[in-house]
Amino acid sequence: GAGVSQSPSNKVTEKGKDVELRCDPISGHTALYWYRQSLGQGLEFLIYFQGNSAPDKSGLPSDRFSAERTGGSVSTLTIQRTQQEDSAVYLCASSLEGGANEKLFFGSGTQLSVL
Amino acid sequence: AQSVSQHNHHVILSEAASLELGCNYSYGGTVNLFWYVQYPGQHLQLLLKYFSGDPLVKGIKGFEAEFIKSKFSFNLRKPSVQWSDTAEYFCAVKWVSGGYNKLIFGAGTRLAVHP
């Protein structure tokens, strides 16, 4: 596609429910990131996929969070048993490679609201 | 742990004023440095980046940044701001040694430029 696509754009859920957020990166991009953006918190790193390497999951805040990337393309971020503090904008970004030409292209984000 | 600090959370300037936004990162090693910008209602986009060579880098829209290795800093500057520079600015660092490859962002600085 022309850019990084995220769905849904908005998600309202009840506390305790599971949610799945989807990211379609730019075709051919080997690197994919998930970040969480909250007011005053900047962009909090969650997880990083690079090619066929094991993902860097060091930013996931708890074991309720998980992500996968199927076939080196589409990625899904899953949050189980959502809590109110999970409310934020979840941003996905992709880049051609993790080297000197790296330039992240961001999606529009998913605004998650946990009631 | 790696971290990126942006000293100013909110900056208010009048048009034609000079701008300098501070960015420091936690420790040394080989780093790639970036500034990203998010204009109101738009995606995050790359403003400029440093990988090697001349520590003074030029970006789009008249922005520049200087890498000072001894100070672990990568401050963003613009001699004369315009109303259209109103946006949120994020510094980001990738440590490329020691297996740390993920891109870490600072908390961001909201810049408001008044006509």
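The values are calculated or read from the model by the stated rules, or taken from the named source; none is laboratory data. Fair warning: this is a prediction, and the values are worked out from it, not measured in the lab. Here Cβ is always computed from backbone atoms with ideal geometry, including for glycine, and neighbour counts include all displayed protein chains. These area figures cover heavy atoms from the full protein model, side chains too; ligands, DNA and RNA do not enter into them. Shrake-Rupley method; radii C 1.70, N 1.55, O 1.52, S 1.80 Å.
Return the only residue of B:Ser5, B:Ser26 being within 11 Å of chain A (Cβ to nearest Cβ), surrounded by 11 or more Cβ atoms within 10 Å (Cβ to Cβ) and more than 10 Å from the chain's Cα centre (by Cα).
Details: B:Ser26 fails: within 11 Å of chain A (Cβ to nearest Cβ).
Answer to the check: B:Ser5.
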Say we look at segment B:69-94 and pick out the residues that are more than 15 Å from B:Gln6 (Cβ to Cβ) and either part of a loop (DSSP other than H, G, I, E, B) or among the aliphatic types (A, V, I, L, M) (or both); which of these is nearest to the other protein chains (Cβ to nearest Cβ)?
-> B:Thr86
Taking the stated definitions as given, is A:Lys103 free of Cβ contacts under 8 Å to residues at least 24 places away in the same chain, within 22 Å of A:Ser38 (Cα to Cα), of a type in the set (Lys, Arg) and within 11 Å of another protein chain (Cβ to nearest Cβ)?
-> no
For segment A:97-114, what are the residues that are surrounded by fewer than 15 Cβ atoms within 10 Å (Cβ to Cβ), assigned to a loop (DSSP other than H, G, I, E, B) and not charged (D, E, K, R)?
-> A:Gly99, A:Ala100, A:Asn101
Which fully enclosed strands (runs of 3 or more DSSP E) of segment A:5-74 have 1 or more residues being open to solvent by 80 Å² or more (accessible area, probe 1.4 Å)?
-> A:10-13, A:19-24, A:65-69
Answer yes or no: is there a residue in segment A:26-49 that is out of contact with any Phe, Trp or Tyr (no Cβ under 7 Å at 6 or more places or on another chain), hydroxyl-bearing (Ser, Thr, Tyr) and within 14 Å of chain B (Cβ to nearest Cβ).
-> yes
Is one or more of the residues making up segment B:57-68 within 10 Å of chain A (Cβ to nearest Cβ), outside any loop (DSSP other than H, G, I, E, B) and open to solvent by 20 Å² or more (accessible area, probe 1.4 Å)?
-> no
